[in-house]
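Participant: For reference, the structure I am asking about is given below.
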Amino acid sequence: MTKKYTEQEIAEINELLAGKTPAEIVAWAIIKADKPVITTNFRPYEGAILHAVANVKPTIDVIWCDTGYNTRNTYKHAEELIKLLDLNIDLYVPKQTSSHRDAVMGIPQIDDPMHKVFTEQVKLEPFKRAMAAHQPDVWFTNLRKGQTAFRNSIDVVSQGEDGILKVSPFYNYSDEQLDAYLEENSIPNEHKYFDPTKVLGNRECGLHN
């Protein structure tokens, strides 16, 4: 059963982990976890967290929720990282193909009432299905401070209403620090990425808030 931490306990955990390296944060969380998972969409800098987590627990379940709208570059990048890091991928896709959806809906603009339906179909429903199947108690993500207002309000470790402990080992890293991490560990990166649900770069898609 997933433990529900108090706000004070979460604050104490973040104080404990302050100044720790991503590898140390991952190691701490893996010891705490009964059923850890990591989610990825192979966006820019995902190679960092995939490397950091897989280095500590090579067999960890890696949930890939593919919207079906990724760029050719992203798919090639994903295959490269999967092979390089020997990732244990569990792929989740929407129940409707992108071609079918393009014919009947397309990609709605953010002010279109259908945008909420679109986001539910291509991102939220596959994610909920994945989490229901895996039932993790620890979830590794690559959230970072400075990305959105919501992400600025959390810390390295947070816990949502679902009780899952969310761990973001690179929370305090800048792009420049991530570039250095990737270079140091010979991990490739890819910037040609497209998220059809966000429209704006600093907008939450609904998975984390």
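Participant: Which residues, taken from region 12-47, are open to solvent by 30 Å² or more (accessible area, probe 1.4 Å) and either on the phi > 0 side of the Ramachandran plot or of a type outside the set (A, V, I, L, M) (or both)?
Facilitator: Of everything in region 12-47, those that are open to solvent by 30 Å² or more (accessible area, probe 1.4 Å) and either on the phi > 0 side of the Ramachandran plot or of a type outside the set (A, V, I, L, M) (or both) turn out to be Glu12, Glu15, Gly19, Lys20, Thr21, Glu24, Trp28, Lys32, Asp34, Lys35, Asn41, Arg43.
Participant: With the checklist (1) outside any loop (DSSP other than H, G, I, E, B); (2) open to solvent by less than 70 Å² (accessible area, probe 1.4 Å) in hand, flag the one item Thr67 doesn't pass.
Facilitator: For Thr67, the failing item is (1).
Participant: Would you point out the residue of region 160-200, among those that are over 15 Å from the mean Cα position of the chain (by Cα) and among the aliphatic types (A, V, I, L, M), that is farthest from Gly68 (Cα to Cα)?
Facilitator: Checking each candidate, the answer is Ala180.
Participant: Kindly check whether there is at least one residue in region 50-59 that is under 14 Å from Asp195 (Cβ atoms) and open to solvent by less than 40 Å² (accessible area, probe 1.4 Å).
Facilitator: No.
Participant: Does Pro126 satisfy being at pLDDT 95 or above and farther than 30 Å from Thr21 by Cα?
Facilitator: Yes.
So that you can scan it fast, the table gives a plain yes or no per residue for (1) out of contact with any Phe, Trp or Tyr (no Cβ under 9 Å at 6 or more places or on another chain); (2) closer than 21 Å to Val122 by Cβ:
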residue	(1), (2)
Ile49	no, no
Asn55	yes, no
Ile60	no, no
Asp66	no, yes
Asn73	no, yes
Lys76	yes, yes
Leu87	no, no
Asp90	no, yes
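Participant: Kindly establish whether Ala27 is without any contact (Cβ under 8 Å) to a residue 24 or more places away in the chain and small (Gly, Ala, Ser).
Facilitator: no
Participant: Also, quick follow-up: Which pairs do you get when a residue that is touching a residue at least 60 places away in the same chain (Cβ under 8 Å) and farther than 9 Å from Tyr45 by Cβ, found in region 175-198, comes within reach of a residue that is polar (S, T, N, Q) and open to solvent by 50 Å² or more (accessible area, probe 1.4 Å), reach meaning Cβ atoms under 7 angstrom, with the pair 6+ apart or on two chains?
Facilitator: Hits for this filter: Glu190/Asn73; Lys192/Asn73.
Participant: Just to check your reading of the model, which residue among Asp90, Asp112, Asp86 is open to solvent by 20 Å² or more (accessible area, probe 1.4 Å), among the charged types (D, E, K, R) and touching a residue at least 40 places away in the same chain (Cβ under 8 Å)?
Facilitator: Working: Asp112 fails: touching a residue at least 40 places away in the same chain (Cβ under 8 Å); Asp86 fails: touching a residue at least 40 places away in the same chain (Cβ under 8 Å).
Among Asp90, Asp112, Asp86, only Asp90 is open to solvent by 20 Å² or more (accessible area, probe 1.4 Å), among the charged types (D, E, K, R) and touching a residue at least 40 places away in the same chain (Cβ under 8 Å).
Participant: Still on this structure, please answer the following. Looking at Ser153, Ser174, which one is at pLDDT below 95, closer than 30 Å to Ala33 by Cα, among the polar types (S, T, N, Q) and exposed (fewer than 12 other Cβ atoms within 10 Å of the Cβ)?
Facilitator: Ser153
The values are calculated or read from the model by the stated rules, or taken from the named source; none is laboratory data. Note that the structure is predicted; figures quoted are calculated from it, not measured. Neighbour counts are summed over all protein chains in view; Cβ atoms, including those assigned to glycine, are modelled from backbone coordinates with ideal geometry. Side chains included, ligands, DNA and RNA excluded: accessible areas come from the protein's heavy atoms. Shrake-Rupley method; radii C 1.70, N 1.55, O 1.52, S 1.80 Å.
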